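Below is one structure; the comments refer to it alone.
The values are calculated or read from the model by the stated rules, or taken from the named source; none is laboratory data. Quick caveat: nothing in here was measured; it's all calculated off a predicted structure. Counting neighbours? That spans all protein chains shown, and the Cβs are built from the backbone with ideal geometry, glycine included.
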Amino acid sequence: MLKERERTDSPPRWPVGRLRASQVNLLLELLIVAAIATGGASWMVGTGWTRWLTVVHGVCGLTILVLAPAKVRRSVQPGMRRRRATRWLSVAFGVLVVVAVAMGILHATGLWFGVGEWSALWIHVLAAALVVPLLVWHVRTRPVRARAVDADRRLLLGGATAVGAAAALYGTQEVTARAIGLAGGNRRFTGSHEVGSFDPDRMPTVSWINDSAPDTPPSEWVLEVAGDVVDLAALSQRTRPLEAVVDCTGGWWSAQRWDVVPLSDLADWRGRSIEVTSATGYSRLFPSGDAGRLYLAVGYDGRPLRRGHGAPVRLVAPGRRGPWWVKWVTSVESSDRPDWLQLPFPLT
Ligand SMILES: Nc1nc2c(c(=O)[nH]1)N[C@H]1C(S)=C(S)[C@@H](COP(=O)(O)O)O[C@H]1N2
Ligand SMILES: [Mo]
């Protein structure tokens, strides 16, 4: 009995343990917003400047983990005793955050990639997307008024300790992954893992949401570029090899030596944008100024593309994430629509 009292009365030394419930809440809300913003950006953008966002994203996730015990002690346990009607909504919120963080860690370390269509990264993204409405609800029903949270030394010290501990965890996991050869060691700055580079047979074939390979045989394929039908055999004669990385938002990347012709060699692109359309209806708009950096590929290493990889002809868009690499291309046309006037991802 005496022991029990002593334990609860003496303040914990660990600065994170000394944070007040309102302070833990505020930190968690800020971290979730930051994690969603940095994660969303590094998921959509395929260029190098997002490198740091991916690191910040990982540290945000791990800081949430470091704060979790304080959250459970300070608000989850007392909250569950209060039997509020919305308590299960709070539980769902917490569970989704934990699932998102756990899947993020499993993906990053490469300890578990998921099963079939359900990659660890997809579950991570899905859980994070479901967190958004619950976060809005949480902030609105428990508005942490700026004055109610003491922006004191305790908040500063506790917050900084949590972030520091998370950064140390992140660094340790990165160093360990590389040292012991965990799958997490071959991640690109986007967080994706390497699969089947320079080995097209091992490179995955992926469809966005629910698209699937068309039935038209390559011999009957009609490709139109800037209003003219382009003969595929003639196109194949004009290719040159180009090393480029396709980096799928599902969490893997693969480098290949593609046999390509740049779009700028095929027409003079004067419209506002270039629309690349697949036989399936899947399409993407690109700025016309990118024509020299976008390529039609008919194969890799001198071999024709596999059907799943977009045979007979696909787009190769270095520096852009997977969804831009339109497969089974039937038309490349100039468009008056600005390229920003489209959804960030196709809907098929
Ligand atoms: N027509 C069409 N093109 C597509 C897709 C699709 O679903 N339909 N998926 C895209 C996505 S999300 C990726 S990651 C790459 C994958 O290319 P791969 O299947 O050759 O690996 O193709 C892109 N091109
Ligand atoms: Mo993808």
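Spot the failing condition for T109; the list is (1) more than 17 Å from the chain's Cα centre (by Cα); (2) touching a residue at least 60 places away in the same chain (Cβ under 8 Å), and only one is missed.
The one condition T109 does not meet is (1).
So in segment 108-129, with the set limited to residues that are part of a helix (DSSP H, G or I), over 14 Å from A35 (Cβ atoms) and touching a Leu at 6+ places or on another chain (Cβ under 8 Å), which one is modelled with the highest pLDDT?
The extreme case among them is A120.
Here's a check for you: in segment 244-259, which residue that is among the hydrophobic types (A, V, I, L, M, F, W, C) and at pLDDT below 95 is nearest to ligand 1 (Cβ to nearest atom)?
The qualifying residue nearest to ligand 1 (Cβ to nearest atom) is C248.
What are the residue pairs meeting all of these: first residue in segment 337-348, first residue under 26 Å from R270 (Cβ atoms), second residue surrounded by 14 or more Cβ atoms within 10 Å (Cβ to Cβ) and of a type in the set (F, W, Y), Cβ atoms under 7 Å, and 6 or more apart or on different chains?
The qualifying pairs are D339/F286; P346/W208; P346/Y282.
For segment 160-218, which positions are more than 10 Å from ligand 1 (Cβ to nearest atom), in a loop (DSSP other than H, G, I, E, B) and more than 24 Å from T47 (Cβ to Cβ)?
I180, G181, L182, D199, D201, R202, D215, T216, P217 - these are the residues of segment 160-218 that are more than 10 Å from ligand 1 (Cβ to nearest atom), in a loop (DSSP other than H, G, I, E, B) and more than 24 Å from T47 (Cβ to Cβ).
Please state which of the following conditions V139 fails to meet, knowing it meets all the rest: (1) within 30 Å of the chain's Cα centre (by Cα); (2) among the aliphatic types (A, V, I, L, M); (3) more than 30 Å from D247 (Cβ to Cβ); (4) at pLDDT 95 or above.
(4)
So, in segment 35-50, of the ones that are closer than 17 Å to I105 by Cα and of a type outside the set (S, T, Y), which residue ends up modelled with the lowest pLDDT?
W43
Restricting to segment 312-344, name every residue that is within 12 Å of ligand 1 (Cβ to nearest atom), at pLDDT 95 or above and in contact with a Pro (Cβ under 8 Å, 6 or more places away or on another chain).
W328 - this is the single residue of segment 312-344 that is within 12 Å of ligand 1 (Cβ to nearest atom), at pLDDT 95 or above and in contact with a Pro (Cβ under 8 Å, 6 or more places away or on another chain).
One residue is enough: does segment 238-257 have a residue meeting the conditions more than 24 Å from the chain's Cα centre (by Cα) and either within 16 Å of ligand 2 (Cβ to nearest atom) or surrounded by fewer than 13 Cβ atoms within 10 Å (Cβ to Cβ) (or both)?
yes
Hey, could you check segment 264-281 for residues that are within 16 Å of ligand 1 (Cβ to nearest atom) and in contact with a helix residue (DSSP H, G or I) (Cβ under 9 Å, 6 or more places away or on another chain) and say which is nearest to V329 (Cα to Cα)?
Here the residue is V276.
Residue by residue through segment 309-337, note down the ones that are in a strand (DSSP E or B) and not polar (S, T, N, Q). Outline the logic, then answer.
Keep residues of segment 309-337 that are in a strand (DSSP E or B), which gives 314-316, 329-335.
R314, L315, V316, V329, V332, E333, listed by residue number.
So which of P287, P344, P323, P338 is farther than 25 Å from S197 by Cα, within 14 Å of ligand 2 (Cβ to nearest atom) and not small (G, A, S)?
One residue alone meets the criteria, P344.
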